[in-house]
Amino acid sequence: MATAMRVSALWRYPVKSMQGEQVDAIELTTDGIVGDRRYALRDPSNGLVMSAKRVPDLFGASASTGIDGMVAITLPDGTTFDAGGADAAAQLSSWLGRSVELAEVAPGHQSSYDMTLDPPNDGADVYEIPSPPGTFLDLAAVHLLTASSLQRMSDLRPDLNWDVRRFRPNVVVTDADAGFPEDEWVGRTIHLGEEAALHGMMRTMRCAMPLRAQPASSGSVALARQVDTFRALSDFHANDLGLYASVSMTGGVSVGDRVELAAL
């Protein structure tokens, strides 16, 4: 009998492009995960949302959600403050050495970010990309990644570091088939536990984020800048890794929940 697929890890990123938090459970709504990308930094000169695609320093800070729902931002020097506080933007501006705003997601609001289509080249032309209305997401409500896909890339390029943090998934699934199993989940319904379900939209196209250096966090080692991540993914998997998904059934998801594909 085949081993059942399970949710092995859940991640939430309270501030876009900052280090996130690994959690035991999440709540899915039609817009995505409650508390995920709740805040984002914005460039007041052009109104665009900032991300580590273009501002790698953002990875140096981390964000976590307290039991009271407050989001705490911690800067590299250990300074911690409330993202909803009156001085949050000023503290972030001082840290980054440039004027920034800190915005909280609002229903119906439309925002955009910019990125290059040539991830290894930070000096390449950039393009403005709209986020889904009422979110600071790149494209989809949920990003799912299987441990099998990471293992396959590690087998193909064992000289590279394939730490899951490079790819910033929300849901990590173990015990899937070998290879890149989530490729076959495009167009499928994926049940997570007893309540929630996702609809596979498309393979996840990789940008500059997996190439970026990241600091050590939560007992994990620091990640060095690794441009060959892009080259390896391009050589072996069309620069895709993971699955973008929408929410087809809302509800709670916990680590250890069974993952099942609906019948075709």
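The values are calculated or read from the model by the stated rules, or taken from the named source; none is laboratory data. Treat the numbers as computed from the prediction; the structure is a model and nothing was measured. All Cβ positions, even for glycine, are placed from backbone atoms using ideal geometry, and neighbour counts span all protein chains on display. Note: accessible area is taken over every heavy atom of the protein model, side chains too, but ligands, DNA and RNA are not part of it. Shrake-Rupley method; radii C 1.70, N 1.55, O 1.52, S 1.80 Å.
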(request) Of the conditions (1) touching a strand residue (DSSP E or B) at 6+ places or on another chain (Cβ under 7 Å); (2) at pLDDT 95 or above; (3) not in a strand (DSSP E or B), Ala176 clears all except one; give me its number. (result) (2)
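Given the criteria in contact with a strand residue (DSSP E or B) (Cβ under 9 Å, 6 or more places away or on another chain), of a type in the set (D, E, K, R), within 28 Å of Pro107 (Cα to Cα) and at pLDDT 95 or above, does Arg203 qualify? Don't jump to the end; show me each part of the working.
Numbers: in contact with a strand residue (DSSP E or B) (Cβ under 9 Å, 6 or more places away or on another chain): yes; of a type in the set (D, E, K, R): yes; within 28 Å of Pro107 (Cα to Cα): yes; at pLDDT 95 or above: yes.
So Arg203 fits the description; yes.
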(request) Can you give me the number of residues within region 8-24 that are farther than 9 Å from Ser64 by Cα, crowded, with 22+ Cβ neighbours inside 10 Å and touching a strand residue (DSSP E or B) at 6+ places or on another chain (Cβ under 7 Å)? (result) 2
(request) Evaluate the following for Ser45: is it among the polar types (S, T, N, Q), farther than 20 Å from Pro130 by Cα, open to solvent by 50 Å² or more (accessible area, probe 1.4 Å) and over 19 Å from the mean Cα position of the chain (by Cα)? (result) no
(message) Quick check on region 208-245: of everything there that is touching a strand residue (DSSP E or B) at 6+ places or on another chain (Cβ under 6 Å) and of a type outside the set (A, V, I, L, M), which residue is surrounded by the fewest Cβ atoms within 10 Å (Cβ to Cβ)?
(response) Ser217
(message) Please determine whether any residue of region 143-150 is among the aliphatic types (A, V, I, L, M), in a helix (DSSP H, G or I) and out of contact with any Gly (no Cβ under 9 Å at 6 or more places or on another chain).
(response) yes
(message) Only one of Ala52, Ala9, Ala40, Ala61 is aliphatic (A, V, I, L, M) and under 30 Å from Glu194 (Cα atoms). Can you tell me which?
(response) Ala9
(request) For region 170-179, indicate whether the set of residues that are under 25 Å from Ala222 (Cβ atoms), out of contact with any Phe, Trp or Tyr (no Cβ under 6 Å at 6 or more places or on another chain), crowded, with 20+ Cβ neighbours inside 10 Å and touching a residue at least 40 places away in the same chain (Cβ under 8 Å) is non-empty. (result) yes
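Would you check if Gly134 is touching a His at 6+ places or on another chain (Cβ under 8 Å) and of a type in the set (Gly, Ala, Ser)?
Working: touching a His at 6+ places or on another chain (Cβ under 8 Å): yes; of a type in the set (Gly, Ala, Ser): yes.
Yes; evaluated as a whole, the condition is true for this residue.
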(request) Please tell me if Ala197 is open to solvent by less than 60 Å² (accessible area, probe 1.4 Å), in a strand (DSSP E or B), more than 26 Å from Ser17 (Cβ to Cβ) and in contact with a strand residue (DSSP E or B) (Cβ under 8 Å, 6 or more places away or on another chain). (result) yes
(request) Scan the strands (runs of 3 or more DSSP E) fully inside region 225-264 and keep the ones with 2 or more residues being farther than 18 Å from Leu145 by Cβ. (result) 240-249, 251-254
(message) Suppose we keep only residues that are touching a strand residue (DSSP E or B) at 6+ places or on another chain (Cβ under 9 Å) and aromatic (Phe, Trp, Tyr) within region 49-96. Which one would you say is surrounded by the fewest Cβ atoms within 10 Å (Cβ to Cβ)?
(response) Phe81
(request) Might you let me know whether region 102-118 holds any residue that is part of a strand (DSSP E or B), more than 18 Å from Arg206 (Cα to Cα) and either hydrophobic (A, V, I, L, M, F, W, C) or over 20 Å from the mean Cα position of the chain (by Cα) (or both)? (result) yes
(message) Among the residues of region 136-144, are any out of contact with any strand residue (DSSP E or B) (no Cβ under 8 Å at 6 or more places or on another chain) and surrounded by fewer than 20 Cβ atoms within 10 Å (Cβ to Cβ)?
(response) no
